[in-house]
Amino acid sequence: MTSTDNILITRLMAGEPRAQREVINTYRSRIFSYFRMRIKGETYYEDFVQEVLASFFEAVRKGKITEDKFIAPFIFGIAKRVMYNFFYKQKRDSNIRKKGEEQFELSYDFEEEERMTNEKVNQAIQTCIDKKLREVDKVILKEFYIHENELEEVSSLLGKSKHYISVRKERALKKLKNEISKMKDIFIG
Amino acid sequence: MKCNEFLTLIDSYFKGSLPEEKQEEFEAHYFECSGCYTDLKIREQLYSKDVRITLEQEKIIPIWKYWKPVLAIAASIVIAVIAFLIIDHSNTIKKMYRISQFNPPVYISTETRNPVSTSSSSPFSEAMKSYNNKEYHKALTHLDKIPETQTNPQVTFFKGICYLLLDRKESAITEFDHILNLMNASYYDEALYFKAIALLRMNKKAEAIELLKNLSQMFSPYSSQAKKLISDASPL
């Protein structure tokens, strides 16, 4: 990733719009996932994504990030800071962003982009489940992820060993991953 | 964090059971690793319940499909019953034939009942020669040549027997009925007995037994045979 990151940062510093797009495509979903897990029950995750990516591009613009830095840890660091700031501010003010404060804004509809990504991923998973998984694998995935049962419960429910259930589950998930991996434009990085 | 470790921690991450340091390490890993983020994304979609996992047993089946197996079973039963009836019917007919086996009545040239011309060249003599040689078609041809005026119960009886031996049961019954309608004692018992045989072979058991019962109550050389036939045919 190092050499790619170096090139990407150089391109970003040169103000290449496609470089910005690449960063967004690679990290947008991860930032959404991060905040969805860390700050549950909120509806404005797009604001967090906006803040993280805007801060990153601002840092590049201001020369705070150089070619010898890795992009992923840098963005993750910003995401963490935004998250801690949110909880800190939440104690004093319910708004995550200060009103009237002049801030660098990215003109992307991250919410819509993320919705479309999720739709594609969902569709691929759905197709794979319907067409490529065996009935027993569907039952196992359903018990694990829809009914949220533990391995022991699924094992006793299906009358199979924990090892068997575990192996079948991993194989099923691998098939799903293979399907998602075919969609090259989904997660670049 | 290595990818292998990451994979073992995904479910714990979604269940919120990872310690804070481990969680941070875990998150830092998926920011760096696309493969592991794909694994995480799949779990995210599955846990979000946006993915439908429809099992075969839960699929909505059109109503006719529910009836399909029922119809198939019903059709199988009907076919089995029909096959059984056909086989049973065929077996019954075979049994009827077996119990209605008879030795062709012997023509006695000295027979005095209704004698017809017995000259060696008469049609009746020719017919009887053929009959004794078991050439029943030929015998019938000769018997048909006998003029109406010379026809008597003996000729009619042997015509009936020839038809019966050629498995032309309806024609045989017609000939035997002709004798029975004459109310002539000559060949009456024989006509009754062999008509019953023909009826048995046509699987008309009730009609045959009725005739045989009448015969068994008569003072006839066929009464004992009639009784035997009744006892053989009744259980079928």
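Helix-only mean residue ellipticity at 222 nm, chain B, DSSP H runs n ≥ 4 weighted -39,500 (n - 2.57), per residue, nearest 500. What is it?
Value at 222 nm, helices only, nearest 500: -22000 deg cm²/dmol.
Which longest run of chain A has no exposed loop site in it, a site being trypsin sites (Lys or Arg not before Pro) in a DSSP loop with at most 13 other beta carbons within 10 Å, and the site itself not part of the run?
Answer - A:135-181.
Return the single residue from A:GLN126, A:GLN50, A:GLN20 with maximal mean-square fluctuation; model: Gaussian network over chain A, springs between Cα atoms under 10 Å.
Maximum fluctuation in the GNM of chain A, among the listed residues, is at A:GLN126.
Please check: in the Gaussian network model of chain B (C-alpha springs, under 10 Å), which one of B:PHE26, B:PHE158, B:PHE219 has the largest mean-square fluctuation.
Result: B:PHE26 has the largest fluctuation of those listed.
Of the candidates B:ILE53, B:ILE86, B:ILE77, which one comes out as most mobile in a Gaussian network treatment of chain B with C-alpha springs shorter than 10 Å?
Looking only at B:ILE53, B:ILE86, B:ILE77, the biggest GNM fluctuation is shown by B:ILE53.
Between A:VAL136 and B:ALA83, what is the FRET efficiency for a Förster distance of 56 Å, r being their Cβ-Cβ separation, to the nearest 0.05?
0.90
Helix B:153-165 sits at what angle to the longest principal axis of chain B, using alpha carbons and giving 0 to 90 degrees rounded to 10?
So the helix axis and the longest Cα principal axis differ by about 20 degrees.
Quickly work out the B:LEU71-to-A:LYS89 label distance, labels modelled 7 Å from Cα along the C-beta direction, and quote it in nm with one decimal.
Taking the simple label geometry, A:LYS89 and B:LEU71 are separated by 6.6 nm.
In nanometres, what is the gap between the two model label sites at B:SER90 and A:LYS62, each 7 Å from Cα along Cα-to-Cβ?
Each label point is offset 7 Å from its Cα along the Cβ direction, giving 9.9 nm.
With respect to the cross-link table entries A:LYS80/A:LYS142; B:LYS134/B:LYS228; A:LYS169/B:LYS15; A:LYS160/B:LYS22; A:LYS131/B:LYS41; B:LYS2/B:LYS41, which display a Cα-Cα separation exceeding 28 Å?
Over 28 Å Cα-Cα: A:LYS80/A:LYS142; A:LYS160/B:LYS22.
So if each residue of separation counts as 0.36 nm, and I subtract the Cα-Cα distance between B:GLN217 and B:SER234, what length gain in nm does that give?
Gain on extension, B:GLN217 to B:SER234, equals 4.4 nm.
In whole Hz, with x marking every Gly and Pro, tabulate ³J(HN,Hα) for the range A:110-123 from phi via Karplus 6.51 cos²θ - 1.76 cosθ + 1.60, θ = phi - 60°.
Using θ = phi - 60°, the values come out as 4, 4, 5, 4, 5, 4, 5, 4, 4, 5, 5, 4, 4, 4 Hz.
For the range B:74-81, just list the computed ³J(HN,Hα) in residue order, Karplus coefficients 6.51, -1.76 and 1.60, θ = phi - 60°, integers in Hz, with x standing in for Gly and Pro.
4, 4, 4, 5, 4, 4, 5, 5
Readers should treat all values here as calculations from the given coordinates under stated rules, not as data from a laboratory. Bear in mind the structure is a predicted one, so any value in this text is a computation, not a measurement. Here Cβ is always computed from backbone atoms with ideal geometry, including for glycine, and neighbour counts include all displayed protein chains.
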